[in-house]
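The values are calculated or read from the model by the stated rules, or taken from the named source; none is laboratory data. Please read these numbers as outputs of a predicted model, since none were measured by experiment. So basically every Cβ, Gly included, is an ideal-geometry build from the backbone, and we count neighbours across all protein chains shown. Keep in mind that these areas ignore ligands, DNA and RNA; they rest on the heavy atoms of the full protein, side chains included. Shrake-Rupley method; radii C 1.70, N 1.55, O 1.52, S 1.80 Å.
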Amino acid sequence: MSEQAVASPEISYVNHDTGGTKRLWQVFWILSFVTIVELIMGFGLAKHWYGDPIKNHGFILFIKGAICILSLAKAYYIVGVFMHLGSELRNFRMTIVVTLVLFVWFIIAFLSDGNSWKNMRNTRGHSMPDETEQVAPAAKAADTKE
Amino acid sequence: MSTTTIPTGVKWWNGGRSPFNASYGKVMMWYFLMSDAFTFGAFLISYGTIRFSQNVWADANKVFDSAPFIHGGAPLFFVSIMTFILIASSVTMVLAVHEGHKMNRKGVEKFMIMTIIGGLLFLGCQAWEWTHLLTGEHFALAANGGLEGLNTSVIHNPWGQALSSTELSSALAQTSPEVLKNMILSHDHSAVLNGLSADQLLEKVNEAVAAGHLHVTHPGPIAFGGYFFGITGFHGFHVFSGVIINLIMYIKTKLGHFDQRGHYEMIEKAGLYWHFVDLVWVFVFLCFYLI
């Protein structure tokens with residue numbers, strides 16, 4: 001049957017998986033499992049499992065980074081298996097994947113720009129010491145007294 | 001994963017065959033999705049830039065902590081349901097594509113219907129969430145020094161830092177009795193407040209704050225609402241158009257158009273779009289709810 005399922009005469013080889021659905025269900029369970037791990041890690045952020053948000057800032061950033069990497073893993077499985085990009089020709093795959101590499105620059109450039117605006121505003125263009133360094137812990141201490 | 005191996009040494013660029021071994025429509029669907037990925041990426045990165053530029057941002061675990069019949073205290077619960085609905089509809093979509101490869105019309109129909117239902121369920125969840133944010137009141141410090149009830153919208157964001165106890169008592173002293181009544185009613189819908197004096201209302205509000213039922217905050221950055229409603233709205237519009245496309249594909253399957261054509265490639269192209277919608281949700285979920 002699969003020989004007839006070709007959309008155009010220019011397509012030389014049928015790239016379809018006409019076998020079972022085992023791989024698809026396997027990916028479904030991987031996506032579900034990764035999502036549950038992400039939810040548990042995110043729930044920890046809500047319930048302050050990782051300690052004081054100001055003191056343990058670095059560790060919380062690490063947890064958030066780990067959640068981002070897990071999301072990228074989900075994206076890899078969705079694109080590679082559900083969208084069948086993994087079974088396309090390498091040349092075609094590269095026209096898409098290489099273009100998306102632009103995002104690496106895009107993310108680094110703009111997030112560091114935002115961070116720089118914050119620092120400039122807090123220090124009035126680096127002419128004053130960072131105000132938030134002193135203000136934030138004081139407000140925190142007042143809150144915990146309630 | 002493919003069952004057909006392509007022999008080595010094929011001259012792909014000599015003409016007479018598709019150099020990507022794919023139809024024009026499928027290749028162009030991929031490139032459309034790539035440009036759409038850059039649109040979504042630009043929105044999300046712009047959101048990230050503004051978020052990085054602020055000292056305080058709305059805490060997602062407080063903004064999105066409710067679900068139907070659950071009034072607060074359940075962070076991530078409702079959005080995890082939405083996420084699993086989309087993952088499940090992605091699986092039914094890929095199963096429909098799989099049945100299409102086998103030229104099994106009944107199978108395609110069954111899985112397309114399941115995918116459409118998943119999409120509609122997701123849209124229903126999103127409608128509930130938007131309604132909850134746009135109609136729900138949260139109490140924040142107003143310009144006049146008292147407190148006011150604000151919804152979460154593109155012009156209001158009540159989700160800033162919590163007030164300290166001294167800030168709270170001076171703000172409450174300048175708050176009108178009507179707002180105090182609304183504050184009590186916002187967590188206790190059946191409270192009877194007729195005939196209570198301003199001092200008695202104040203006492204009830206203080207009790208509720210001490211017990212953690214009421215959170216009183218500074219207003220947060222206005223940009224939060226614009227980004228949240230803009231990006232989830234743009235994604236929701238993609239889900240909506242995906243449901244329409246899937247519905248058309250279902251009708252065409254039912255009418256036997258793809259059997260006449262000899263292949264189910266249209267289901268594959270609709271599937272690419274639907275999986276892309278799921279893919280974008282992975283990142284919307286990450287950026288707005290998880291981190």
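Taking the conditions exactly as written (outside the structural domain of B:His238 (by TED's automatic domain parsing) and either farther than 27 Å from B:His132 by Cα or open to solvent by 30 Å² or more (accessible area, probe 1.4 Å) (or both)), does B:Lys11 satisfy them or not? Spelling it out, B:Lys11 is indeed outside the structural domain of B:His238 (by TED's automatic domain parsing) and either farther than 27 Å from B:His132 by Cα or open to solvent by 30 Å² or more (accessible area, probe 1.4 Å) (or both). The number of residues in region B:25-78 that are open to solvent by less than 30 Å² (accessible area, probe 1.4 Å), within 8 Å of chain A (Cβ to nearest Cβ) and not in a helix (DSSP H, G or I) comes to 3. Within region A:112-139, the set of residues being more than 11 Å from chain B (Cβ to nearest Cβ) and at pLDDT 55 or above comprises A:Thr123, A:Arg124, A:Gly125, A:His126, A:Ser127, A:Met128, A:Pro129. Within region B:266-291, the only residue that satisfies the criterion of being hydroxyl-bearing (Ser, Thr, Tyr) and facing another protein chain (nearest Cβ under 9 Å) is B:Tyr289.
Scan B:Leu193, B:Leu201 and give me the residue that is touching a Lys or Arg at 6+ places or on another chain (Cβ under 7 Å), in a loop (DSSP other than H, G, I, E, B), of a type in the set (A, V, I, L, M) and more than 30 Å from A:Ser87 (Cβ to Cβ).
Answer to the check: B:Leu193.
Only residues that are open to solvent by less than 60 Å² (accessible area, probe 1.4 Å) and either facing chain B (nearest Cβ under 9 Å) or among the aliphatic types (A, V, I, L, M) (or both) were counted across region A:32-64, and they come to 13.
Hey, among A:Ile78, A:Ile67, which residue is touching a residue at least 12 places away in the same chain (Cβ under 8 Å), open to solvent by less than 60 Å² (accessible area, probe 1.4 Å), out of contact with any strand residue (DSSP E or B) (no Cβ under 7 Å at 6 or more places or on another chain) and closer than 21 Å to B:Glu99 by Cβ?
It is A:Ile78.
If you check B:Ala127, B:Ala143 for being under 30 Å from B:Thr49 (Cβ atoms) and over 30 Å from the mean Cα position of the chain (by Cα), only one passes: B:Ala143. Within region B:259-268, the set of residues being part of a helix (DSSP H, G or I) and surrounded by 21 or more Cβ atoms within 10 Å (Cβ to Cβ) comprises B:Glu265, B:Ile267, B:Glu268.
Would you check which residues across region B:269-291 are β-branched (Val, Ile, Thr) and in a helix (DSSP H, G or I) and list them?
B:Val277, B:Val280, B:Val282, B:Val284
Residues that are part of a helix (DSSP H, G or I), open to solvent by 50 Å² or more (accessible area, probe 1.4 Å) and either within 8 Å of chain A (Cβ to nearest Cβ) or within 30 Å of B:Phe258 (Cβ to Cβ) (or both) do not occur anywhere in region B:88-101. Selection of region B:209-226 for residues being in contact with a Leu (Cβ under 9 Å, 6 or more places away or on another chain) and in a helix (DSSP H, G or I) yields B:Val209, B:Gly225. Inspection of region B:42-61 identifies no residue that is in contact (Cβ under 8 Å) with a residue 24 or more places away in the chain and farther than 29 Å from A:Ala109 by Cβ.
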